[in-house]
Structures are given as structure tokens and as C-alpha cells.
């Protein structure tokens with residue numbers, strides 16, 4: 001690791017990715033007004049190879065945003081409207097008997113379901129029973145589906161972007177913790193500002209229809225995912241991400257590198273985040289760094305993605321609910337609690353681009 005500068009090809013790729021980010025947000029702005037934070041978090045998840053859970057009330061253009069993003073990246077797109085009567089085969093596909101008219105023989109033929117796309121929008125995922133929700137688990141983790149004992153590989157890249165309505169809970173099936181953990185980020189979609197809502201009303205009530213241009217292709221998206229994986233992270237940044245995750249667990253106690261679990265975690269958190277959260281913090285920090293034209297990830301990048309990475313992985317108790325505390329509040333307290341200063345030797349590692 002004597003060379004402290006990144007390869008020229010990777011520098012060019014980082015510059016291209018930062019430029020592409022500006023172009024994607026410009027194209028999305030033709031259709032979706034505002035929501036820059038949401039767009040950035042969606043792109044962070046995509047470049048890191050993760051999935052997103054979008055939480056927001058109806059009418060905030062979640063579906064339109066995902067469809068438009070897929071169009072700008074030249075990715076195939078399928079949408080599934082989750083309902084109580086949806087079956088697993090409606091998602092993954094099924095085998096049908098096909099007869100050869102010439103020979104008269106019959107064979108089983110696999111008909112792919114809507115999961116076979118680059119971008120799958122699972123609309124209102126909490127409206128379908130757990131049996132159907134679980135049909136996505138293998139696809140999200142293994143990038144494949146198994147039907148009739150045969151494995152079928154999904155296209156690459158593959159992203160699941162699921163939506164949930166946080167208000168209406170009647171007739172819904174909350175996602176189990178194991179499936180929530182498969183989502184890299186939970187992206188909260190908020191109401192637009194007054195000026196943004198004015199633009200939304202003005203643009204959507206006229207006869208003008210904007211079109212978006214394609215910014216990247218499938219191969220380019222895959223290449224940029226590889227670049228994100230190669231972005232260097234100093235040891236003190238990884239330690240910082242580990243502390244954010246490990247201090248959400250009651251069982252950690254004291255060690256040489258981890259401080260004692262703070263009182264507000266013991267008081268309000270029933271179950272903390274697992275190791276996948278630490279991985280997502282670092283991958284998200286890498287993706288955010290290159291989106292902003294940086295050649296290495298920093299503690300500030302980890303802090304920026306901490307809330308969407310951790311908010312759905314913390315199980316709060318009834319004391320937190322009684323106090324009106326949310327996961328975001330506790331994550332912010334963790335950020336304020338964990339020290340950020342690295343040692344001198346760790347600072348020296350910060351600018352090293354590790355070749356893989």
C-alpha cells in the first residue's frame with residue numbers, strides 16, 4: 001500500500017459517477033418535484049447493490065420516482081401491487097405444462113414472474129400475507145428464485161424497492177425483522193415544501209408532458225457498482241461504523257474498542273442492529289462519497305447514512321413509544337455519543353486507495 005493515490009481509471013470513474021448523479025437528478029427533476037434527499041438515498045442503495053424500503057403516505061410520487069429512476073438508468077422495470085390474495089407464484093413465476101404438437105410430448109416450462117427485472121417495485125408490500133412476503137427473501141439475498149427444484153438467476157443488477165404506508169395499519173401484515181434486515185435503507189418520504197407543492201400542482205394540471213433522457217446503461221451501472229466497492233475506507237471510519245451498530249445492543253458491555261452501551265439504548269431499545277447494519281453503513285458511506293466526487297469515505301459519510309441504515313433495524317420498547325421517541329432520535333443521540341477522533345496511524349490510512 002505504498003501508492004497513496006487512486007488509479008487514474010478509478011479517478012475518472014468517480015468523476016463520471018459524480019457527473020452522472022447531477023444528470024440523473026436533473027432528469028428526475030423534470031418529472032418529480034423536490035425529494036432530492038430521497039433520490040440521493042435511492043442512488044446510494046443502487047450503487048451499493050442494496051434494496052430500499054420507501055415509507056410515506058399515499059400521493060408522494062413514490063411509484064413515479066422509482067419508475068423514472070429506472071428509465072434514466074436504462075433498467076427494466078416491473079411493478080407488483082401487493083394484495084391479500086397475492087400468491088408466491090404471482091411474484092416468482094410458475095411452471096406450466098406445454099405440449100409439443102409434433103411429437104405429442106408434454107414438458108414443464110417455467111414462466112418467469114415479474115421479479116425478473118432489474119428494478120422491482122413492491123408496492124404496499126405490507127398488504128400481503130407473510131407467505132407471499134417471504135417469496136422475495138431468496139430473490140433479495142441470493143439474486144435467484146427456486147421453482148420446482150430448479151434455480152433461476154435474476155438479471156443483474158437487481159433492486160427491490162418496496163413501499164409502505166406508515167399510517168394505515170388495518171388489514172396489513174408488518175414485515176418480520178428478518179425481512180426488514182434485507183433492506184439496506186429505509187427511506188422516509190416526507191411531504192413537499194409549499195413551493196414544491198405549488199410546482200407539482202402547476203405542472204401536473206397542465207397539458208405539458210416532460211420526457212426523461214437515459215443517463216446510464218446497464219453495463220455502466222454494474223461498472224460503477226464495482227468502483228464503489230473499491231473506494232477506500234480508513235480503519236477509524238470502520239471502527240466508527242462498528243460502534244454505531246454495536247452500541248445499539250444490550251449484550252456488548254465494555255471492550256477495548258467499544259464504549260459501554262449508553263443508558264438511552266438500555267432504556268428504550270429492545271433489540272439492536274446486526275452485523276449487516278455495519279456492512280450497510282460502510283457501503284452506503286462509500287456510495288455517498290463517490291456521488292459527491294470524493295475518492296474515499298469519511299465519518300461524515302457514515303453519519304449521513306446512519307439514519308436510513310439503522311432506523312428499521314432498531315426494535316423500540318413501549319417506554320420509547322410512551323416518550324414519543326423514534327429510531328431517528330436515538331440514532332442522532334448515538335451520533336452525538338460516539339467520539340469521532342482517529343489515532344494518528346489511522347489518519348495516515350485515510351487517503352490510501354486499496355487495489356482489489
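Among the helices (runs of 4 or more DSSP H) contained in the range 36-153, which hold 3 or more residues that are within 30 Å of residue 232 (Cα to Cα)? Give the derivation first.
Details: elements: 36-47, 62-72, 89-92, 130-133, 135-142.
Output list reads 36-47, 62-72, 135-142.
Out of contact with any strand residue (DSSP E or B) (no Cβ under 7 Å at 6 or more places or on another chain), under 21 Å from residue 156 (Cα atoms) and crowded, with 16+ Cβ neighbours inside 10 Å - does that describe any residue in the range 50-64? Even if it seems obvious, please write down each step before you answer.
Within the range 50-64, the first condition is being out of contact with any strand residue (DSSP E or B) (no Cβ under 7 Å at 6 or more places or on another chain), and the residues that meet it are 57-61, 64.
If we keep only those that are under 21 Å from residue 156 (Cα atoms) as well, we get none.
No, every residue in the range 50-64 fails to be out of contact with any strand residue (DSSP E or B) (no Cβ under 7 Å at 6 or more places or on another chain), under 21 Å from residue 156 (Cα atoms) and crowded, with 16+ Cβ neighbours inside 10 Å.
Okay, residues lined up against (1) farther than 22 Å from residue 66 by Cα; (2) touching a helix residue (DSSP H, G or I) at 6+ places or on another chain (Cβ under 6 Å); (3) exposed (fewer than 15 other Cβ atoms within 10 Å of the Cβ):
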{"residue": "116", "(1), (2), (3)": "no, no, no"}
{"residue": "120", "(1), (2), (3)": "no, no, no"}
{"residue": "178", "(1), (2), (3)": "yes, no, yes"}
{"residue": "193", "(1), (2), (3)": "no, no, yes"}
{"residue": "209", "(1), (2), (3)": "no, no, yes"}
{"residue": "232", "(1), (2), (3)": "yes, no, no"}
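Within the range 258-271, does at least one residue satisfy the condition of being surrounded by fewer than 17 Cβ atoms within 10 Å (Cβ to Cβ) and touching a strand residue (DSSP E or B) at 6+ places or on another chain (Cβ under 7 Å)?
Yes, some residue in the range 258-271 is surrounded by fewer than 17 Cβ atoms within 10 Å (Cβ to Cβ) and touching a strand residue (DSSP E or B) at 6+ places or on another chain (Cβ under 7 Å).
Return the residues of the range 167-216 that are in contact (Cβ under 8 Å) with a residue 24 or more places away in the chain, farther than 24 Å from residue 48 by Cβ and part of a loop (DSSP other than H, G, I, E, B); say none if nothing qualifies.
Residues satisfying the conditions are 167, 171, 172, 173, 174, 191, 192, 193, 210, 211, 213.
Can you pull out the residues in the range 301-316 that are over 20 Å from residue 22 (Cβ atoms) and assigned to a helix (DSSP H, G or I)?
Within the range 301-316, 302, 303, 306, 307, 308, 309, 310 meet the criteria.
Taking the condition surrounded by 21 or more Cβ atoms within 10 Å (Cβ to Cβ) and closer than 18 Å to residue 340 by Cα, does residue 282 pass? Steps first, answer last, please.
Working: surrounded by 21 or more Cβ atoms within 10 Å (Cβ to Cβ): yes; closer than 18 Å to residue 340 by Cα: yes.
Yes, satisfied.
Residue 288: surrounded by 15 or more Cβ atoms within 10 Å (Cβ to Cβ), in contact with a strand residue (DSSP E or B) (Cβ under 9 Å, 6 or more places away or on another chain) and closer than 24 Å to residue 33 by Cα, yes or no? Outline the logic, then answer.
Numbers: surrounded by 15 or more Cβ atoms within 10 Å (Cβ to Cβ): yes; in contact with a strand residue (DSSP E or B) (Cβ under 9 Å, 6 or more places away or on another chain): yes; closer than 24 Å to residue 33 by Cα: yes.
Yes, satisfied.
Take the range 109-149 and flag every residue that is more than 22 Å from residue 75 (Cα to Cα) and in contact with a strand residue (DSSP E or B) (Cβ under 7 Å, 6 or more places away or on another chain).
Within the range 109-149, 109, 110, 126, 147, 148 meet the criteria.
Among the residues of the range 266-273, is there at least one that is in a helix (DSSP H, G or I), in the same structural domain as residue 338 (by TED's automatic domain parsing), under 21 Å from the mean Cα position of the chain (by Cα) and touching a residue at least 24 places away in the same chain (Cβ under 8 Å)? First the steps, then the outcome.
Going residue by residue through the range 266-273, those that are in a helix (DSSP H, G or I) are 266-268.
Among the residues that remain, those that are also in the same structural domain as residue 338 (by TED's automatic domain parsing) are: 266-268.
Imposing the further condition that a residue be under 21 Å from the mean Cα position of the chain (by Cα) reduces the set to none.
No.
Conditions: (1) in contact with a helix residue (DSSP H, G or I) (Cβ under 6 Å, 6 or more places away or on another chain); (2) farther than 30 Å from residue 287 by Cα; (3) surrounded by 18 or more Cβ atoms within 10 Å (Cβ to Cβ). Residue 128 meets all but one. Number of the miss?
Residue 128 satisfies every listed condition except (1).
The values are calculated or read from the model by the stated rules, or taken from the named source; none is laboratory data. As the structure is a computational prediction, the values presented were derived from the model and not from experiment. Glycine gets a Cβ as well: all are built from the backbone with ideal geometry, and neighbour counts include every protein chain shown.
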